[in-house]
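Right, one structure below, let's go through it.
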Amino acid sequence: ESVHLGQKDTDTCPRARGSMSAELVRSREDRARSREERRRRRRATARYRSAHASRERVRVMTFNEAFAELRKLLPTLPPDKKLSKIEILRLAICYISYLNHVLDV
C-alpha cells in the first residue's frame, strides 16, 4: 500500500518536508544544468553564431543611425564636426538644459 503525503502532511512532518524539498532542489538543479548544457551546445553551432552576428550587426546599425539622427539636431561649430557617441550625449544634455532655461525665462 502506498502512502501519499499531501501538502498538509508535509507541513506537519519536517522530515518528509526536508527530504522532498531536497529531492525537488536536486531535480531542479539537474534540469537547470541540462538546460544550460543544451543552450551551450546550441550556441556552439555555426548557424547560431551566424544568426547572432547578423542580429548584432542590425542592432549596431540601428544604434548608430539613432546617434546620427540625434547628432543632426545638435548645434555645433563647425556643423559637420565629427563627435563621439559620448560627446553627442553630453552635448544633447547641455542643449536640452539650455532649451529648458530659455523656456523658463
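Each reported figure results from applying straightforward, stated rules to the coordinates on display, with no laboratory input. The structure presented is a predicted model; accordingly, all values stated were derived computationally and were not measured. Reconstructed Cβ throughout: ideal geometry from the backbone, glycine too, with neighbour counts over all protein chains shown.
Annotations for the structure displayed:
- Added length on full extension, which subtracts the Cα-Cα distance from 0.36 nm per residue, Ser34 to Val58: 5.5 nm
- Exposure proxy ranking, count of Cβ atoms within 10 Å, fewest first, for Thr62, Thr76: Thr62, Thr76
- Extent along principal axes [Cα atoms of segment 21-104; Å; largest to smallest]: 66, 36, 15
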